[in-house]
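Every number here is computed from the coordinates shown, using simple stated rules; none is lab data. Computed from a predicted model, the values in this text were never measured in an experiment. Using ideal geometry, Cβ is built from the backbone for each residue, glycine included, and neighbour counts are taken over all protein chains shown.
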Amino acid sequence: MISIKHLSKTFRNPDGSTLTVLKDVNCDIEKGEVISIIGPSGTGKSTLLRAINMLEPPTGGEIWVDGENIMAKGYRLDKMRRKMGMVFQSFNLFDHMTVLENLTYAPVRLLKMTEEQAQAEGMELLKKVGLAQKADVFPASLSGGQKQRVAIARALAMHPEVILFDEPTSALDPTMVGEVLSVIRQLAGSGMTMLIVTHEMRFARDVSTRIFFMNEGVIYEDGSPEQIFEHPVRSATKAFVNRIQKLVYEIDSESFDYLQIRTGLSQFCLKYNISDKADKAYQLAKEMLFEHFRGIRPLTFRMTHAELSGQTALDFMVEGMTESPLPHNEAVEKLRTRVQDIVEEPTARGFRVKLLI
Ligand code: ADP
Ligand code: MG
């Protein structure tokens, strides 16, 4: 359905310098595929999506859509745009129109639908995304998650053959990520062809038929979710999918700023969508630092979270120790019942006690 050959994009800055963002992108996308595009920021994921629908005209290569080269002279871009919907990180709704008007505007003008038909279809789509009751309000009164669901419904109103999503959940409060992902998941199930740039690894793994790992301006590795997430071939892919997020505190006295730690832990949990673990993490950290490891200073306290596996840990590292600093007493035995596991292990420079939570 879409075939991309040797696509490149070089930006020319006002000072005359240039930046090549897409170097040589090649891929074929079949009807019904759900492709998640993952990769470090700044590697050209957004530029690729914007190039595919010519919002950002490429500087070289070819893009074929349904057998036509859309970069060829004379090709009418509105024909291609009608086939492709796009959903942006920042929603881009028309703020001066009601929710339903957002959905009927383009179909009436571009597809020459009657107002009645567009409204009937618009209401069906709003039902599908759970927002029929919001048809007559303005976007300003909606939450971020609701705005994004309206944006998805608006894209669907044009009967696209493919929808491009550029980090649809990145601008959302973590509590609203789920409702948007579930709408996208539902669409994937219905057979819609989709390209989704996302940082949500587990979602990408669950919902996609194929994953593109972008790095350094190319599709560095592509394959099934299983291949990319479980058996990546190239080391940069492996490092990216297995990356672990960390929050680190150096604690060198008894009078450390535990309120700062509390705030840090809750923000970290919010950011990685594990707010359900925040209270537990803080209670355990407090107990470790004030009781079990009292007097053991300096130590390095870290909270880690592996996005793909979902594994979260609190670890406490003490330099220069050869044995576990964790005392053998009743309080520590009780602690064992409140965590998934306690790992006590020597490291290159000391000893680490890790609580898996
Ligand atoms: P990603 O979506 O993977 O984070 P982008 O495609 O947004 O990456 O950007 C890739 C690189 O291209 C970045 O270094 C960015 O600064 C640069 N870039 C993007 N758009 C423009 C532009 N319009 N002009 C100049 N540079 C740009
Ligand atoms: Mg981007």
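Structure data summary
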item: Share of Cα-Cα pairs in the stretch 177-311 lying beyond 25 Å, as whole percent; result: 44
item: Taking the chain and dividing mean pair separation by its residue count, relative contact order in percent (alpha carbons under 8 Å, at least six apart); result: 15
item: DSSP-defined antiparallel bridges as percent of all bridges, the chain, nearest 5; result: 75
item: Label zone at Ala120 (point 7 Å along Cα-to-Cβ), backbone N below 12 Å, the stretch 134-170; result: none
item: Fluctuation leader among Leu247, Leu181, Leu19 - the chain, Gaussian network, Cα springs under 10 angstrom; result: Leu19
item: Over the stretch 268-330, equivalent-ellipsoid semi-axes from the Cα gyration tensor in Å; result: 24, 13, 10
item: The stretch 72-152: trypsin sites (Lys or Arg not before Pro) falling in loop per DSSP and having at most 16 other Cβ within 10 Å; result: Lys73, Arg76, Lys112
item: Unit Cα scatterers, Debye sum, the chain: log10 I(q)/I(0) for q = 0.11, 0.12 Å⁻¹; result: -0.86, -0.96
item: Cα-based Rg and Dmax for the stretch 150-203, where Dmax is the largest Cα-Cα distance (Å); result: 10.9, 30
item: Contact order relative to length of the stretch 93-193, as percent, for alpha carbon pairs under 8 angstrom and 6 or more apart; result: 30
item: Inter-label distance for Ser255 and Glu226, nm, one decimal - labels placed 7 Å from Cα along Cα-to-Cβ; result: 5.9
item: Cα gyration tensor shape for the stretch 101-225, rounded if a/c is under 1.5, else prolate or oblate; result: prolate
